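Student: Sharing a structure, written as structure tokens. Questions coming.
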Amino acid sequence: MPKSVIDGFAFSDDADISLASSEIEKIKYIAGKMNMDNPKGVLAVYDKLITSGIFVTPVGYEYLRTLQSFLYKSKDIPDEAVREIPVPISYTRALNIRSEERDEKINYQREARTLRKTFRNEYKISLIVNIILVIMVIAMFIITLKAENPNMINYRTAILNQYSEWEQDLNERETAIKQKELELNMDR
């Protein structure tokens, strides 16, 4: 949060900085035109400044406070004639807002930490599950390759093996039949 110091006050908002700067210009103008030797004239200017509400930043309130102190010290002006400086801002509301913002920030940080912990745990679980799944897939391929039943991976080899077994079996039977025929022909 950038801060700019104006007349000893640190402002964090650009609009407030601009407003305080313009109030300083107004204060310089009023102070240059005002005759401080005439307390009644100072009282009239002070009353007009309070009525108009021209000052809204601490810089302007400090100037009003300076004029008020001058008027209280003046013997020509009774204290009852000097008006109080109205404060249109509720400081308790501002304090509550600041407290709520701080609480929200703390809650956000707490939730972020919890979310990170949850994410880490979920990541670990996901990693373990993925490793188990990869191992299962590898095991399935190994089982499939070593299986005797034909499947998509070894169907060609299995069929060729089966045909070669049949061919060998047929050849053995044919040989056995030919031998039997020869034996029968010799016996005759």
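Student: Among (i) 1.01; (ii) 3.09; (iii) 1.28, find the value of Cα Rg over 2.2 N^0.38 Å that was calculated from the structure presented, and write down its label.
Tutor: (ii)
Student: For Cα pairs less than 8 Å apart in space and 6+ apart in sequence, what is the mean separation divided by the residue count of the chain, i.e. the relative contact order in percent?
Tutor: 11
Student: Within region 119-188, report the GluC sites (Glu not before Pro) that DSSP leaves as loop and that have at most 13 other Cβ atoms within 10 Å.
Tutor: GLU148
Student: Ranking request for peptides 83-89, 14-20, 34-40: highest mean number of other beta-carbon atoms within 10 Å first, then the rest in descending order.
Tutor: 14-20, 34-40, 83-89
Student: Further question: With label points built 7 Å along Cα→Cβ from the Cα atoms of GLU25 and ASN107, find their separation and express it in nm.
Tutor: The answer from the label model is 4.3 nm.
Student: What does the net charge come to around TYR61 if you take all other residues with beta carbon closer than 15 Å to its beta carbon, with K and R at +1 and D and E at -1?
Tutor: Values: positive: LYS26, ARG65, ARG83; negative: ASP7, ASP16, GLU23, GLU62, GLU84.
Here the count lands on -2.
Any read-out appearing in this document is the output of simple, stated calculations on the displayed coordinates, not a laboratory observation. None of the values given here were measured: they were computed from a predicted structure. A quick note on method: Cβ atoms are made from the backbone with ideal geometry, for glycine too, and the neighbour counts reach across all protein chains shown.
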